[in-house]
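Notes to accompany the following structure.
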Amino acid sequence: MCGIAGGVWSDGGSALTRTDLEAMIGQLQHRGPDGFGYYEGNGVALSHARLSVIDLATGDQPLCNEDGSVWVVFNGEIFNFIELRAELEALGHTFRTQSDTETLVHAYEEYGDLFVRRLNGQFAFALWDQRRSRLLLGRDRVGIRPLFYTRDQGRLLFASEVKALSPVLSRSLSLDRRGLAQVFTFWSTVGSRTVFDQVSSLPPGHILAIEQGREVLTRYWDWTYPEVGSCVPSFEQSAEQLRDLLIDAISLQLRSDVPVAAYLSGGLDSSGIVSLIRSFTDTPMRTFSVTFDDPEFDERAHQQAMVDYLGSEHTTVRCHRGDIGNIFARLVLHTESPILRTGPAPLLILSELVRSSGYKVVLTGEGADEVFGGYDIFKEARIRRFWARQPESEGRAALLGKLYPYLKHSPVGNRAYSQSFFGQGLQDVDNPFYAHAPRWATTRRLWNFFSKDMRAALKGWDPLSDLSAQLPAEFSNWDGLGRDQYVEVQTLMSGYLLSSQGDRVAMASSVEGRFPFLDHRVIEFANRLPANYKLRGLREKAVLRQALAGLLPDSVLRRVKQPYRSPDSESFFCDGKPLAFVDYLLSQHRIRESGYFEAGAVEKLMRKCAEGKAIGFGDNMAFVGILSTMLVDELIVRGRSLGGIESLAAMAA
Amino acid sequence: MSIRKSIKSFILRNYLFTDDDSALSDTESLVHAGIVDSTGILELIVHVEEAWGIQVLAEEMVPDNFDSVDRVVDFISRKQQILV
């Protein structure tokens, strides 16, 4: 919810004027359609676009403390604001509004920088300490809300989205080749790197203090796992504690002065949330989901089973591949990054539905797979480590067939090939990236499409270096699952799922997403559990299932995980021809002009997709990745209008 | 066109999206070089069946027969001898 933008400068730096501020925050109206607010101080300018969710009447921002010496603009929610406020009032602070925002300025006064540790919520804030002429930027623990910053003309600028920086930059934006290469490996950039040169992202779990032109970046929270062999309560006890904790997290996240809805994907996680809401609160249940024409992607049967079980009021929106093609350009304008799958597109359509149905807030199940070990990649790594102990064992190798049912009908189901593919790097069990290496190797095939210039620029650099540098000292003491989970959250979750598939698509429709599974107490609790409470043999999220037993129909509890997917390259072709905007952006001329990719290779890929022959993961990732990169180039780097592209989209090729 | 040229050309175009012969050696492992991923190998097998009118049996879908240009060429040659 909300957008923020502004900047600081010391003597000699170029001041941000009111007009500058308006130009910046005007770019974020989709994040905050309920009004703009401004603060201009000595060497600082702050602006805010409001999506009113808590304290509709008096919660406007920017907001200050008792004597106006501390100001803040913030995007997000502080879910424990009621408790925090009581604590601060008892310590003598005076509140003037009913907002959660106000806790930030008083908590800073009381506790200094590390007040952030007392927050339970999702947030990106800019806090100005007038006495010290000091700006403090902060971001939540897992990266739910975005925050970017850059230096330009002697000032530090910050904003919720890169598009809000553009109007006041003296230079034009350009793509960071290493950032692009990281997206084409990890699905996301790493650390503070973004896909734009000289634009940084404040990493999750960090604060950045800017004082007298100096920047100090501090980490205040990280995922951590116990040493192997630590002592814990029983599985049943843990499941009970987890249920209580989830009820509490959900109760906090239902705090709102506007009605709250929920997404119901048909899977365990969102079903669990909706079920807990129904069982333990008075909140009337309003749910939404997306359905697909194509049965390969559709989950309506499971969604309907939950709706029937709960009696929720449910609305669906149908998504066909044509819808994805039509919305894709607008999607990338919001993601501000290349993406490798079309997954976020139906969720953009879904958020539009939620908004038009009168809801500003939705609870969703994101995070459960990362926190409780739900993904196939974790199982795959477990099997490979097991197999690595007896590499000649056919039986161990064959376990992979259990994991991927599609292998039955594929030559890879054949043991020899299966072993060949999944056996790569098998013995390399001390590799910190053991689980992800096969996935990254597949994704990295996309580098084959890079132009000669791109490859030259990347020569001698390893995209892994940023990631390796970021691993905590104790990393190698953790068990395999913990290490794999850590790598997953540092790459795909924070950098792609919560961003392109989370914040950006919801905010595009002025909808605030909330994620109870990412309440930091839930995360910390789950991280303390032994791996086999999470991944019990090959049964994923075991303790979560136990916590939800009795609250869900058996069909949902026992359901085999179906990863959320949507039609990829086929969304961009009609009767064997590319959509007009695709034809334009992937033309040889346009590809050469931008210089990232090899025009001949792109042309061959286009033809393969047009002929309906691009059935594999690799080709589809390449197509979506290249097309979205060209859209970033067109709409953000070159600043051309979405209207121009969309008018092409409306035409046949 | 020889079997070798044809197969190499298919692999280059279909997986590497290039005509550049030097992009692939005849002996390198397609899997280990990251040229073919677990969902893409089917394309090669289907192509061999269609282009040479061969029936590839399930037990023949193994790296020994398909994991390099050389191996595919040998496989096709052997199957054609059987047909003759």
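For the stretch B:53-73, the condition holds for no residue, the condition being that it is charged (D, E, K, R), closer than 18 Å to A:Arg445 by Cβ, more than 9 Å from chain A (Cβ to nearest Cβ) and part of a loop (DSSP other than H, G, I, E, B). The residues listed here are B:Val62, B:Val31, B:Val69, B:Val48; of these, the one that is more than 29 Å from A:Ser451 (Cα to Cα) and in contact (Cβ under 8 Å) with a residue 12 or more places away in the chain is B:Val48. Just for the stretch A:441-457: of the residues that are surrounded by fewer than 18 Cβ atoms within 10 Å (Cβ to Cβ) and over 23 Å from the mean Cα position of the chain (by Cα), which one is nearest to the other protein chains (Cβ to nearest Cβ)? The qualifying residue nearest to the other protein chains (Cβ to nearest Cβ) is A:Trp447. Scanning the stretch A:1-60 for residues that are in a loop (DSSP other than H, G, I, E, B), crowded, with 16+ Cβ neighbours inside 10 Å and among the polar types (S, T, N, Q) gives A:Gln27, A:Ser52.
Scan A:Gly401, A:Gly395, A:Gly460 and give me the residue that is away from chain B (no Cβ under 13 Å), of a type outside the set (Phe, Trp, Tyr) and either more than 30 Å from A:Leu627 (Cα to Cα) or touching a Cys at 6+ places or on another chain (Cβ under 8 Å) (or both). First the steps, then the outcome.
On the way: A:Gly401 fails: away from chain B (no Cβ under 13 Å); A:Gly460 fails: either more than 30 Å from A:Leu627 (Cα to Cα) or touching a Cys at 6+ places or on another chain (Cβ under 8 Å) (or both).
Only one candidate qualifies: A:Gly395.
Taking the stretch B:34-51 on its own, how many of its residues are touching a Ser or Thr at 6+ places or on another chain (Cβ under 9 Å) and either part of a helix (DSSP H, G or I) or more than 8 Å from chain A (Cβ to nearest Cβ) (or both)? Explain how you work it out, then say what you get.
Taking the stretch B:34-51 and keeping what is touching a Ser or Thr at 6+ places or on another chain (Cβ under 9 Å), we get B:34-35, B:37-39, B:41-42, B:51.
Applying the additional criterion that residues be either part of a helix (DSSP H, G or I) or more than 8 Å from chain A (Cβ to nearest Cβ) (or both) yields B:41-42, B:51.
Matching residues across the stretch B:34-51 total 3.
Taken together, A:Gly266, A:Gly213, A:Gly191 contain a single residue that is surrounded by fewer than 21 Cβ atoms within 10 Å (Cβ to Cβ), in contact (Cβ under 8 Å) with a residue 40 or more places away in the chain and closer than 29 Å to A:Phe617 by Cα, which is A:Gly191.
Could you run through the stretch A:194-210 and say how many residues are in a loop (DSSP other than H, G, I, E, B) and buried (at least 20 other Cβ atoms within 10 Å of the Cβ)? Before the answer, list the steps.
Of the stretch A:194-210, the ones in a loop (DSSP other than H, G, I, E, B) are A:194-195, A:197-199, A:202-205.
Now drop any that are not buried (at least 20 other Cβ atoms within 10 Å of the Cβ), which leaves A:194-195, A:199, A:202-205.
So the count comes out to 7.
For the stretch A:33-48, state whether one or more residues are outside the structural domain of A:Ile250 (by TED's automatic domain parsing), closer than 20 Å to A:Gly112 by Cα and among the aromatic types (Phe, Trp, Tyr). No; the residues of the stretch A:33-48 include none that is outside the structural domain of A:Ile250 (by TED's automatic domain parsing), closer than 20 Å to A:Gly112 by Cα and among the aromatic types (Phe, Trp, Tyr). Of the residues A:Ser476, A:Ser500, the single one that is at negative phi, of a type in the set (Ser, Thr, Tyr) and at pLDDT below 95 is A:Ser476.
Test A:Leu310 against the stated conditions and say whether it is farther than 30 Å from A:Arg145 by Cα, away from chain B (no Cβ under 14 Å), in contact with a strand residue (DSSP E or B) (Cβ under 9 Å, 6 or more places away or on another chain) and crowded, with 21+ Cβ neighbours inside 10 Å. Answer is yes for this residue.
Residue by residue, here is whether (1) in a helix (DSSP H, G or I); (2) buried (at least 19 other Cβ atoms within 10 Å of the Cβ); (3) touching a Ser or Thr at 6+ places or on another chain (Cβ under 7 Å); (4) assigned by TED's automatic domain parsing to the domain that holds A:Tyr263 holds:
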{"site": "A:Gly513", "(1), (2), (3), (4)": "no, yes, yes, yes"}
{"site": "A:Phe581", "(1), (2), (3), (4)": "yes, yes, no, no"}
{"site": "A:His589", "(1), (2), (3), (4)": "yes, no, no, no"}
{"site": "A:Cys609", "(1), (2), (3), (4)": "yes, yes, yes, no"}
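Within the span defined as the stretch A:246-254, every residue fails to be touching a Ser or Thr at 6+ places or on another chain (Cβ under 9 Å) and farther than 16 Å from A:Asp519 by Cα.
Could you tell me which of the residues A:Glu352, A:Glu296 is among the acidic types (Asp, Glu) and either in contact with a helix residue (DSSP H, G or I) (Cβ under 7 Å, 6 or more places away or on another chain) or assigned to a helix (DSSP H, G or I) (or both)? Outline the logic, then answer.
Numbers: A:Glu296 fails: either in contact with a helix residue (DSSP H, G or I) (Cβ under 7 Å, 6 or more places away or on another chain) or assigned to a helix (DSSP H, G or I) (or both).
Exactly one of A:Glu352, A:Glu296 is among the acidic types (Asp, Glu) and either in contact with a helix residue (DSSP H, G or I) (Cβ under 7 Å, 6 or more places away or on another chain) or assigned to a helix (DSSP H, G or I) (or both), namely A:Glu352.
Do we find a residue being part of a helix (DSSP H, G or I), of a type in the set (Phe, Trp, Tyr), crowded, with 16+ Cβ neighbours inside 10 Å and free of Cβ contacts under 8 Å to residues at least 12 places away in the same chain anywhere in the stretch A:103-113?
Keep residues of the stretch A:103-113 that are part of a helix (DSSP H, G or I), which gives A:103-113.
Still in the running and of a type in the set (Phe, Trp, Tyr): A:108, A:111.
If we keep only those that are crowded, with 16+ Cβ neighbours inside 10 Å as well, we get A:108.
Among the residues that remain, those that are also free of Cβ contacts under 8 Å to residues at least 12 places away in the same chain are: none.
Looking through the stretch A:103-113, none of the residues is part of a helix (DSSP H, G or I), of a type in the set (Phe, Trp, Tyr), crowded, with 16+ Cβ neighbours inside 10 Å and free of Cβ contacts under 8 Å to residues at least 12 places away in the same chain.
Applying the condition of being of a type in the set (Ser, Thr, Tyr) and modelled with pLDDT under 80 to the stretch A:388-438 and asking which residue is farthest from the chain's Cα centre (by Cα) yields A:Tyr417.
Do we have A:Phe475 as touching a residue at least 12 places away in the same chain (Cβ under 8 Å) and under 29 Å from B:Ala23 (Cα atoms) here? Outline the logic, then answer.
On the way: touching a residue at least 12 places away in the same chain (Cβ under 8 Å): yes; under 29 Å from B:Ala23 (Cα atoms): no.
Spelling it out, it is not the case that A:Phe475 is touching a residue at least 12 places away in the same chain (Cβ under 8 Å) and under 29 Å from B:Ala23 (Cα atoms).
One residue stands out among those in the stretch A:550-579 that are at pLDDT below 90 and in a helix (DSSP H, G or I): the one that is nearest to A:Glu240 (Cα to Cα), which is A:Leu557. Looking only at the stretch A:438-472, count every residue that is farther than 26 Å from A:Arg219 by Cβ, in contact (Cβ under 8 Å) with a residue 12 or more places away in the chain, assigned to a helix (DSSP H, G or I) and of a type in the set (A, V, I, L, M, F, W, C) and tell me the total. The qualifying residues number 7.
Conditions tested, residue by residue: (1) surrounded by 15 or more Cβ atoms within 10 Å (Cβ to Cβ); (2) free of Cβ contacts under 8 Å to residues at least 12 places away in the same chain; (3) out of contact with any Asp or Glu (no Cβ under 9 Å at 6 or more places or on another chain).
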| site | (1), (2), (3) |
| --- | --- |
| B:Met1 | no, yes, yes |
| B:Arg4 | yes, no, no |
| B:Lys8 | yes, no, no |
| B:Leu12 | yes, no, no |
| B:Asp20 | no, yes, yes |
| B:Leu24 | yes, no, yes |
| B:Val36 | yes, no, no |
| B:Gly40 | yes, no, no |
| B:Leu44 | yes, no, yes |
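Of the strands (runs of 3 or more DSSP E) that lie entirely inside the stretch A:122-167, those containing 1 or more residues that are under 23 Å from the mean Cα position of the chain (by Cα) and among the β-branched types (Val, Ile, Thr) span A:148-152. Of the numbered criteria (1) more than 30 Å from A:Gly618 (Cα to Cα); (2) out of contact with any helix residue (DSSP H, G or I) (no Cβ under 8 Å at 6 or more places or on another chain); (3) without any contact (Cβ under 8 Å) to a residue 40 or more places away in the chain, the one A:Pro259 fails is (3).
A single entry from A:Ser230, A:Ser256, A:Ser234, A:Ser201 fulfils the requirement of being within 30 Å of A:Leu551 (Cβ to Cβ) and touching a strand residue (DSSP E or B) at 6+ places or on another chain (Cβ under 7 Å): A:Ser256.
Only residues that are of a type in the set (S, T, N, Q) and assigned to a helix (DSSP H, G or I) were counted across the stretch A:212-257, and they come to 5. Every condition in (1) crowded, with 16+ Cβ neighbours inside 10 Å; (2) over 27 Å from A:Glu77 (Cβ atoms); (3) in contact (Cβ under 8 Å) with a residue 40 or more places away in the chain is met by A:Lys561 except one, and the failing one is (1).
Of the residues A:Thr281, A:Thr316, which is free of Cβ contacts under 8 Å to residues at least 40 places away in the same chain, of a type in the set (Ser, Thr, Tyr) and in contact with a strand residue (DSSP E or B) (Cβ under 7 Å, 6 or more places away or on another chain)? Can you show your working first?
Working: A:Thr281 fails: in contact with a strand residue (DSSP E or B) (Cβ under 7 Å, 6 or more places away or on another chain).
Residue meeting the stated conditions: A:Thr316.
The values are calculated or read from the model by the stated rules, or taken from the named source; none is laboratory data. None of the values given here were measured: they were computed from a predicted structure. So basically every Cβ, Gly included, is an ideal-geometry build from the backbone, and we count neighbours across all protein chains shown.
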